Amino acid sequence: MKKIIFMGTPDFAVPPLETLNENFEVSLVVSQKDKLRNRKKLLPTPVKQRALELGLEVVTPDSVKSDEFFEFVKEINPDFIVVVAFGQIIDKRLINFMHGKILNIHASILPELRGSAPINWAIVNGLEKTGVSIMSIDVGLDTGDVLDIEETEISDLDNAETLYERLSKMGSNLIVKTINDFENKYKNRVKQGDKFSYAPMIKRKWENLILMILQEIFSTK
């Protein structure tokens, strides 16, 4: 059975973790450190919490660029590393070690909406469709070759929350298909090219205001 190291942090990454755990051997889960949440309580990330419930080994390194973490990965010698909204940059040393087998689930149709908030910006930009891309990570920001894409239409009833849930489930299924057919997918991978757009992080204090403006615009159409 293929060995997987999973790197993820928010709720969006939980369904992919669960699906990978059902289909492969998740040898290690890597997440961000516990933070003060919900009235200043120190709580684990959603991915760490679910991984512990599943009985999986979890680490929360200060940096995945450290020698200690690299040696840990070498010892496990995974078949794939899957990254979903993890929150740290993967360095060149680890990329070279894995030979194209660090796969990222990204919530857009790359090269459209690279960056940390593609779901929100798909709504903000009034896109008619979006999707999930499975990308082989390189040293750039969401610039790696694309192995697979699945698209979905954005209806008038959709919002960031409904897209978030749908794309998470789509990515969960697509990553399993990609891993199971990796040699073919990697052989036919597609470079992203020069035309792209970015989806920068939306600061929380502006998020509600943007959503209110959008709702007002669409309600008057």
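Laboratory data are not the source of any read-out in this text; all were calculated from the coordinates shown. Every value quoted in this text rests on a predicted model; they were computed, and no experiment measured them. Cβ coordinates were reconstructed from backbone atoms using ideal geometry, including for glycine residues, and neighbour counts include every protein chain displayed.
Observations
- Multiplying the residue separation of GLU18 and LEU42 by 0.36 nm and removing their Cα-Cα distance gives an extension gain of 6.3 nm.
- The gain in end-to-end length when the ASN96 to ASP34 segment is fully stretched comes to 19.4 nm, 0.36 nm per residue minus the alpha carbon separation.
- Highest mean packing comes first when the peptides 113-122, 150-159 are listed by Cβ atoms within 10 Å, giving 113-122, 150-159.
- The label point for LYS177 and the one for SER116, both projected 7 Å from the Cα toward the Cβ, are 3.0 nm apart.
- Taking other Cβ atoms within 10 Å as a rough exposure proxy, VAL59, VAL83, VAL14 sort from fewest to most as VAL59, VAL14, VAL83.
- Neighbour counts of C-beta atoms inside 10 Å place HIS99, HIS106 in the sequence HIS99, HIS106, starting with the fewest.
- Estimated 222 nm signal from helices in the chain, with DSSP H stretches of n ≥ 4 weighted -39500 (n - 2.57), rounded to 500: -11500 deg cm²/dmol
- Gain on full stretching of the segment that runs from ASP62 to VAL139 - 0.36 nm per residue minus C-alpha separation: 25.8 nm
- Computed from backbone phi, the HN-Hα couplings of the stretch 174-191 come to 5, 5, 5, 4, 5, 5, 5, 10, 4, 4, 5, 5, 5, 4, 9, 4, 10, 6 Hz, rounded to whole numbers (Karplus: 6.51 cos²θ - 1.76 cosθ + 1.60, θ = phi - 60°; Gly and Pro given as x).
- Amide H partners (placed H, <5 Å) of ASP148, local residues excluded: ILE134
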